[in-house]
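Input: a single structure, listed below in structure tokens.
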Amino acid sequence: METKSYLIFSLNGLRYGVETEAVSEIFFLPELTPVEAVPPDIAGVLNLRGEILPVMDLAMRFGHHQRDYQITDSTVVLEWEEVKIGIIVSEVHEIKEIDLAAVETQIAYGRKERPQSQNFIAGMAKIGSEICMLLDPENLIRNADSLTLPSDPSNGASNGAGSAPSLEETADPKHSIPDAIPVQNRVFCPNASPQERAIFKERAENLMRGTEAQDLTGLMPLAVVGLNGEYFGLDLHLVREFTDIHQITPIPCVKEHIVGNINLRGEVVTLVDIRTVLNMPLSSGAYAAKAMVVEVADVVAGVMIDEVWDVFYLHPSIIKPVPAAVRPTGKNEYLRGTAPYRSKMMSLLDLGKIFTQGELVVNEEA
């Protein structure tokens, strides 16, 4: 059986895969700088450690609407034949070995010609209960033919931000747009809140710094999440993914910290609220709409969170002991310390201890 390794990610609710050989690095989406005279699917450029990296809006590359970017979006940097470009995706999930014999490369749609967008899809694979579209990185980066973007009905000028025309329209020269368009008052992520803008900007500044100026030895990769208005950092290696909560199935006769079950692409995952462990009040009203799926000592669980703020590397030297007044006596054991994050202090969770010390039982018979 011949297999190939793919990075699996999602965009607009659909699953995609790209060969891991074409992926050079992944990071959360930073602030991008819009530039003049670029292809309309290029959202902007980034100073990546001294190298100017163009970043593609993958949805627009397929001819869809330009969407509002989120701080949970990621940038996947592809490198193909000495050409490097970033693509914006909603969420990175996993690396998967896919049996090439099971990849469908020829799908009949009852058409004589394939849509242009199909030039970017090398095949389709079944991963569990879902269909994953496998990208062709060479065509994605180099192919100049893509679905043309619509004109702004308000002024008749192309702005690259509306809905895609039909395939029949793209074949009509009067609907075509030039490969490069001038920038007119473009602002990166104009609907972002001031706090989100600050996060985007800080990420860009961190990526700008050259690796030679950083001491990477011993740095701790952390995910920063929000609970009840506070920042918490936790070991990124324990986080499998972040996901939105759409429906919770209640579980009868369980402890307070067990919220219920969620269906994660066919996998039933128990959802817990660690606020009880941390002596924090449970969220009032409706439950949070986000969860992080963690895997600790062979236990897979969803942890309710309010926000996903960031992923970054922390040097252990700046970690401070937990002040005695931060948490009631007996609960400090679940905190590894505190560290400055933006204008506040961030508490560092020992998520492994929370799940393995017996206080946070994750099973339906609890």
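The values are calculated or read from the model by the stated rules, or taken from the named source; none is laboratory data. Computed from a predicted model, the values in this text were never measured in an experiment. Backbone-built Cβ (ideal geometry, glycine too); neighbour counts: all protein chains shown.
Scanning the range 230-284 for residues that are within 22 Å of the chain's Cα centre (by Cα) and small (Gly, Ala, Ser) gives 233, 266. Restricting 30, 40 to residues that are in the same structural domain as residue 96 (by TED's automatic domain parsing), more than 14 Å from residue 94 (Cα to Cα), touching a Lys or Arg at 6+ places or on another chain (Cβ under 6 Å) and not basic (Lys, Arg) narrows the list to 30. The number of residues in the range 31-44 that are among the hydrophobic types (A, V, I, L, M, F, W, C) and buried (at least 18 other Cβ atoms within 10 Å of the Cβ) comes to 4. If you go through the range 14-38 and keep only what is outside any strand (DSSP E or B), touching a residue at least 24 places away in the same chain (Cβ under 8 Å) and in contact with a Ser or Thr (Cβ under 8 Å, 6 or more places away or on another chain), you end up with 20, 29, 30. Regarding the range 270-287, can at least one residue be identified that is at pLDDT 85 or above and farther than 18 Å from residue 351 by Cβ? No, the range 270-287 contains no residue that is at pLDDT 85 or above and farther than 18 Å from residue 351 by Cβ. In the range 338-355, the count of residues that are within 30 Å of residue 201 (Cβ to Cβ), polar (S, T, N, Q), at pLDDT 85 or above and outside any loop (DSSP other than H, G, I, E, B) is one or more. Within the range 238-256, the set of residues being modelled with pLDDT of 85 or more and outside any strand (DSSP E or B) comprises 238, 245, 247, 248, 250, 251, 252. Does the range 237-257 include one or more residues that are of a type in the set (A, V, I, L, M, F, W, C) and within 19 Å of residue 332 (Cα to Cα)? For the range 237-257, residues of a type in the set (A, V, I, L, M, F, W, C) and within 19 Å of residue 332 (Cα to Cα): absent.
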